[in-house]
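No value in this document is a laboratory result; all are computed from the given coordinates. All of these numbers come straight from a predicted model, not from anything done at the bench. Because the Cβ atoms are built from the backbone with ideal geometry, glycine has one as well, and the counts that use them run over all protein chains shown.
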């Protein structure tokens, strides 16, 4: 096999590996988010104080008027968001040919919603409640990285589709 013929194969293999990594990243981060938000939901319903070493605002945030939206705990909404993200990311990995594009768009949309809402809630923590919840910050960071990875994934998918059309 000539070296010139090997280059496109290596490029496509690298592209596929990078594409799968960009799909696995949001999945792993979303599973971590399920854990964080499950703990927050458990604390909300059980009344058990949150473990919040070094920062003493977790219970203040959890007990604030902003901890619920239309009577639903924000932590529960976060859990539902993370479960949806897990499903979308997993669908794209298990069925990449049939759900790849839809999955990438779903992870992007859910990641965007989570990123924007987490940004708003962080602003509320700092300027309205005047307390910081470490668990909420972790969740916001997870959603930020999921959103960034989803943007990169969509941009690369668009670029790769253009490369395939030219070939």
Practice problem: Kindly put 27, 81, 32 in sequence by how many other C-beta atoms sit within 10 Å of each C-beta, fewest to most. | Solution: 32, 27, 81
Practice problem: Go ahead and run the numbers for FRET between residue 51 and residue 141, Cβ-Cβ distance against an R0 of 25 Å, rounding to 0.05. | Solution: 0.90
Quiz item: Sorting 69, 113, 121 on the 10 Å Cβ count, fewest up front, what's the list?
Solution: 69, 113, 121
Quiz item: How far apart, in nm, are two points set 7 Å out from the Cα along the Cα-to-Cβ line at residue 28 and at residue 123?
Solution: 3.2
Quiz prompt | Spatial separation of Cα centroids for region 24-49 and region 58-86, in angstrom | solution = 10
Practice problem: Would you mind calculating the gained length between residue 42 and residue 70 on full extension (0.36 nm times residue separation, minus the Cα-Cα distance), in nm to one decimal? | Solution: 8.2 nm
Quiz item: In which sequence would 52, 133 go, from the one with the fewest C-beta neighbours within 10 Å to the one with the most?
Solution: 52, 133
Self-check item: Convex hull projection area averaged over all views, region 26-166, Cα basis, nm²
Solution: 9.2
